[in-house]
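Novice: I'd like to ask some things about the structure below.
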Amino acid sequence: MRFLLDTEQRAFAGSLDAMLTAADTPSVVRDWSRGTYDSGRALWSRVAGAGVFALAVPASQGGLGPLPVELAVGFVELGRHAVPGPLAETVAAAALLAELTDPGPAGRLLPALLSGEASATLALDGSYAPDGDSATVRLALTARELRLAPGHGPVRGCLDPARRLTPLTAGGELLALAPPVEHALTWARLATAAQALGVGLALLDRTVAHVGRRTQFGVPIGSFQAVKHRLADARTALDFARPLLFGAALTMAPADVAAAKVTACEAAYATARAALQLHGAIGYTAEYDLSLWLARAHALRTAWGGPAECRAAVLDARAAHA
């Protein structure tokens, strides 16, 4: 199925693209990787000001949605520009807080998340929380309870230097019993899938430009059939992921979103491998901007459920309806 964005959705994507291009996101990512957050938080405020995080929250609670298709449109652009920070986690936290029976926690925490004054990270079942050191709201989520963690443990490295992992400190304020875990997970996976698609598209664009410039035997290497095949395979995978992403955004069925997540992340990962091979050794050097997208593609592949977990969710849903 071919999904065409309407005029407003295209304008939204275009405005984000223009804003992020002007922000010089590679330098912001490098600052974030060093633990220097000023430029990243300034960009975060502009992203929030564009309404990105509010798209996951109903208008009755101060949001603009829920508008999952528009959120997917926005997150494709965030991935295309490798914006750092707990993006999917903040969306998942906002969507989760908006669903709680008790409006108290949402009333206290949502306004700052939607305005960009705060960011959130989310740890599911005791897992590590992405960007737990930079987030201002840290939520520990299990099927039994949701708690506001009082702090975080030691910072651990990740494949993506701009995505550090931390355990959350046990205890903290109890926000809810039996929280809607699947609801939060679905929004997190949708945002992650859209980010991955944007990362893959950026990698493909940069690689196409590179093979058009680099020459061997007096001709651009992009004219070689083997190179064309790698790029065509990457493009096909990304083109296949796009309708799954927007189809999942329309239904918001957990199995559909899991399918979109694994497809988009695998497409971005395959594109990253092709990009690295076609760039050669320069591709993974820290000084070369391509490395920022290569690292992000690897990190997103396992975020909020790796390929095996997402495939299992799809198969379980099909078996349940058989």
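The values are calculated or read from the model by the stated rules, or taken from the named source; none is laboratory data. Since we're looking at a predicted model, the values are computed, not measured. Positions of Cβ are generated from backbone atoms using ideal geometry, with glycine treated the same way; all protein chains shown enter the neighbour counts. Keep in mind that these areas ignore ligands, DNA and RNA; they rest on the heavy atoms of the full protein, side chains included. Shrake-Rupley method; radii C 1.70, N 1.55, O 1.52, S 1.80 Å.
Novice: Determine, yes or no, whether Ala275 is without any contact (Cβ under 8 Å) to a residue 40 or more places away in the chain and over 20 Å from Arg2 (Cα atoms). Give the steps one after another, and end with the answer.
Specialist: Numbers: without any contact (Cβ under 8 Å) to a residue 40 or more places away in the chain: no; over 20 Å from Arg2 (Cα atoms): yes.
So Ala275 does not fit the description; no.
Novice: Further, regarding this structure: Among (1) at pLDDT 95 or above; (2) open to solvent by 40 Å² or more (accessible area, probe 1.4 Å); (3) farther than 23 Å from Ala88 by Cβ, which single condition is Leu278 missing?
Specialist: Every listed condition holds for Leu278 apart from (2).
Novice: To continue, here is another question. Specify which of the listed residues (Leu43, Leu20, Leu16, Leu55) is surrounded by 18 or more Cβ atoms within 10 Å (Cβ to Cβ) and touching a His at 6+ places or on another chain (Cβ under 6 Å). First the steps, then the outcome.
Specialist: On the way: Leu43 fails: touching a His at 6+ places or on another chain (Cβ under 6 Å); Leu16 fails: touching a His at 6+ places or on another chain (Cβ under 6 Å); Leu55 fails: touching a His at 6+ places or on another chain (Cβ under 6 Å).
When all the criteria are applied, what remains is Leu20.
Novice: Oh, and also: Please verify whether segment 246-269 includes one or more residues that are over 17 Å from the mean Cα position of the chain (by Cα), farther than 23 Å from Leu4 by Cα and in contact (Cβ under 8 Å) with a residue 60 or more places away in the chain.
Specialist: No, because not a single residue in segment 246-269 is over 17 Å from the mean Cα position of the chain (by Cα), farther than 23 Å from Leu4 by Cα and in contact (Cβ under 8 Å) with a residue 60 or more places away in the chain.
Novice: Go through segment 203-230 and give me each residue that's among the hydrophobic types (A, V, I, L, M, F, W, C) and either open to solvent by less than 30 Å² (accessible area, probe 1.4 Å) or under 20 Å from the mean Cα position of the chain (by Cα) (or both). Give the steps one after another, and end with the answer.
Specialist: Let us first name the residues in segment 203-230 that are among the hydrophobic types (A, V, I, L, M, F, W, C), namely 203-204, 208-209, 211, 217, 219, 221, 224, 226-227.
Those that are among the hydrophobic types (A, V, I, L, M, F, W, C) and either open to solvent by less than 30 Å² (accessible area, probe 1.4 Å) or under 20 Å from the mean Cα position of the chain (by Cα) (or both): Leu203, Leu204, Val211, Ile221, Val227.
Novice: Hey, can you tell me all the residues within segment 175-189 that are of a type outside the set (Gly, Ala, Ser) and crowded, with 21+ Cβ neighbours inside 10 Å? Talk me through it step by step, then tell me what you get.
Specialist: At the first step, the residues of segment 175-189 found to be of a type outside the set (Gly, Ala, Ser) are 175, 177, 179-183, 185-187, 189.
Within segment 175-189, Leu175, Pro179, Leu185, Thr186, Trp187, Arg189 meet the criteria.
Novice: Given the residues Ala241, Ala234, Ala202, which is the only one that is touching a residue at least 60 places away in the same chain (Cβ under 8 Å) and closer than 19 Å to Arg301 by Cβ?
Specialist: Answer to the check: Ala202.
Conditions (1) of a type in the set (A, V, I, L, M, F, W, C); (2) open to solvent by less than 10 Å² (accessible area, probe 1.4 Å); (3) over 25 Å from Thr236 (Cα atoms), marked per residue:
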| position | (1), (2), (3) |
| --- | --- |
| Glu145 | no, no, yes |
| His152 | no, no, yes |
| Val155 | yes, no, yes |
| Arg163 | no, no, yes |
| Thr169 | no, no, yes |
| Ala191 | yes, yes, no |
| Leu201 | yes, no, no |
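Novice: State yes or no: is Ala93 of a type in the set (A, V, I, L, M), farther than 22 Å from Ala297 by Cα and within 22 Å of the chain's Cα centre (by Cα)? Break it down into steps so the answer makes sense when it comes.
Specialist: Working: of a type in the set (A, V, I, L, M): yes; farther than 22 Å from Ala297 by Cα: yes; within 22 Å of the chain's Cα centre (by Cα): yes.
Considered against the rule, which asks whether it is of a type in the set (A, V, I, L, M), farther than 22 Å from Ala297 by Cα and within 22 Å of the chain's Cα centre (by Cα), Ala93 comes out as yes.
Novice: Residue check, Glu8 against (1) farther than 24 Å from Ala123 by Cα; (2) in contact with a Phe, Trp or Tyr (Cβ under 6 Å, 6 or more places away or on another chain); (3) of a type outside the set (A, V, I, L, M, F, W, C), all met but one. Which one?
Specialist: Going through (1) farther than 24 Å from Ala123 by Cα; (2) in contact with a Phe, Trp or Tyr (Cβ under 6 Å, 6 or more places away or on another chain); (3) of a type outside the set (A, V, I, L, M, F, W, C) one by one, Glu8 breaks only (2).
Novice: Of all residues in segment 42-84, count the ones that are more than 15 Å from Gln9 (Cα to Cα) and free of Cβ contacts under 8 Å to residues at least 60 places away in the same chain.
Specialist: 9
Novice: Also, quick follow-up: Against the conditions (1) among the basic types (Lys, Arg); (2) out of contact with any helix residue (DSSP H, G or I) (no Cβ under 7 Å at 6 or more places or on another chain); (3) part of a loop (DSSP other than H, G, I, E, B), where does Arg163 fall short? Just the number, please.
Specialist: (2)
For (1) of a type in the set (Gly, Ala, Ser); (2) in contact with a Phe, Trp or Tyr (Cβ under 6 Å, 6 or more places away or on another chain), each residue gets a yes or a no:
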residue: Thr251; (1), (2): no, no
residue: Ala258; (1), (2): yes, no
residue: Ala264; (1), (2): yes, no
residue: Ala270; (1), (2): yes, no
residue: Ala275; (1), (2): yes, no
residue: Leu278; (1), (2): no, no
residue: Ala286; (1), (2): yes, no
residue: Ser291; (1), (2): yes, yes
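Novice: Would segment 255-265 turn up any residue that is open to solvent by less than 20 Å² (accessible area, probe 1.4 Å), at pLDDT 95 or above and in contact with a strand residue (DSSP E or B) (Cβ under 8 Å, 6 or more places away or on another chain)? If you could, list the steps in order and put the result at the bottom.
Specialist: Here is the first cut: in segment 255-265, the residues open to solvent by less than 20 Å² (accessible area, probe 1.4 Å) are 257-258, 260-262, 264-265.
Add one more test, that the residue is at pLDDT 95 or above, and what stays is 257-258, 260-262, 264-265.
With in contact with a strand residue (DSSP E or B) (Cβ under 8 Å, 6 or more places away or on another chain) added as a condition, the list becomes none.
No, segment 255-265 contains no residue that is open to solvent by less than 20 Å² (accessible area, probe 1.4 Å), at pLDDT 95 or above and in contact with a strand residue (DSSP E or B) (Cβ under 8 Å, 6 or more places away or on another chain).
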